[in-house]
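S.K.: I have a structure I would like to understand better, so I am pasting it below and will then ask my questions one at a time.
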């Protein structure tokens, strides 16, 4: 069994960041949902619960909720942490942004782009590989979106994270039905 724990240097960095004065890490102007940091830590625990290695989450238990929020906000802002991924919001984004016009999930949606069936996605999920595949097809995808939808679809980081979660969640994908497809995209699918 390979055992992995948060390196002492990383734990030191975590504690050092938590010890910084509050004004240095102000959350003003950020669009992170309140409590997202705790949700992210809980998601990390769930994700790593079934792995063959161990993380020292107990070392973080002594950190106050306020300091945890400041650290996690900083980590997200500088790219060391992903935003919390929510597959239900991902399903809503898949429909609202028109992804469904070109991509199918379990046979629901368009056939222009590749299927996003969770059963066909690599496990464990690699959000960066998924984003890299999207980037490789970005030029063609943007052109098709412009042709079909009148403009390229714009996604922020949270929406992308949620879409990636949806693409890997079989249970949430079963919640998708054809009657949820917005009318403006339904006609495009039938063409």
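The values are calculated or read from the model by the stated rules, or taken from the named source; none is laboratory data. Worth saying up front: this structure is predicted, and the values here are computed from it rather than measured. Cβ coordinates were reconstructed from backbone atoms using ideal geometry, including for glycine residues, and neighbour counts include every protein chain displayed.
S.K.: If you go through region 94-117 one residue at a time, do you hit one that is touching a residue at least 40 places away in the same chain (Cβ under 8 Å), in a helix (DSSP H, G or I), more than 17 Å from residue 186 (Cβ to Cβ) and within 16 Å of the chain's Cα centre (by Cα)?
M.R.: Within region 94-117, none of the residues are touching a residue at least 40 places away in the same chain (Cβ under 8 Å), in a helix (DSSP H, G or I), more than 17 Å from residue 186 (Cβ to Cβ) and within 16 Å of the chain's Cα centre (by Cα).
S.K.: In region 80-97, which residues are at pLDDT below 95 and either surrounded by fewer than 16 Cβ atoms within 10 Å (Cβ to Cβ) or under 19 Å from residue 149 (Cβ atoms) (or both)?
M.R.: Answer for region 80-97, where residues must be at pLDDT below 95 and either surrounded by fewer than 16 Cβ atoms within 10 Å (Cβ to Cβ) or under 19 Å from residue 149 (Cβ atoms) (or both): just 80.
S.K.: For region 154-181: of the residues being surrounded by fewer than 19 Cβ atoms within 10 Å (Cβ to Cβ) and over 20 Å from residue 107 (Cβ atoms), which is nearest to the chain's Cα centre (by Cα)?
M.R.: 157
S.K.: Right, here's the next one. Only one of these is in contact with a strand residue (DSSP E or B) (Cβ under 7 Å, 6 or more places away or on another chain) and farther than 26 Å from residue 77 by Cβ: 149, 116. Name it.
M.R.: The conditions single out 116.
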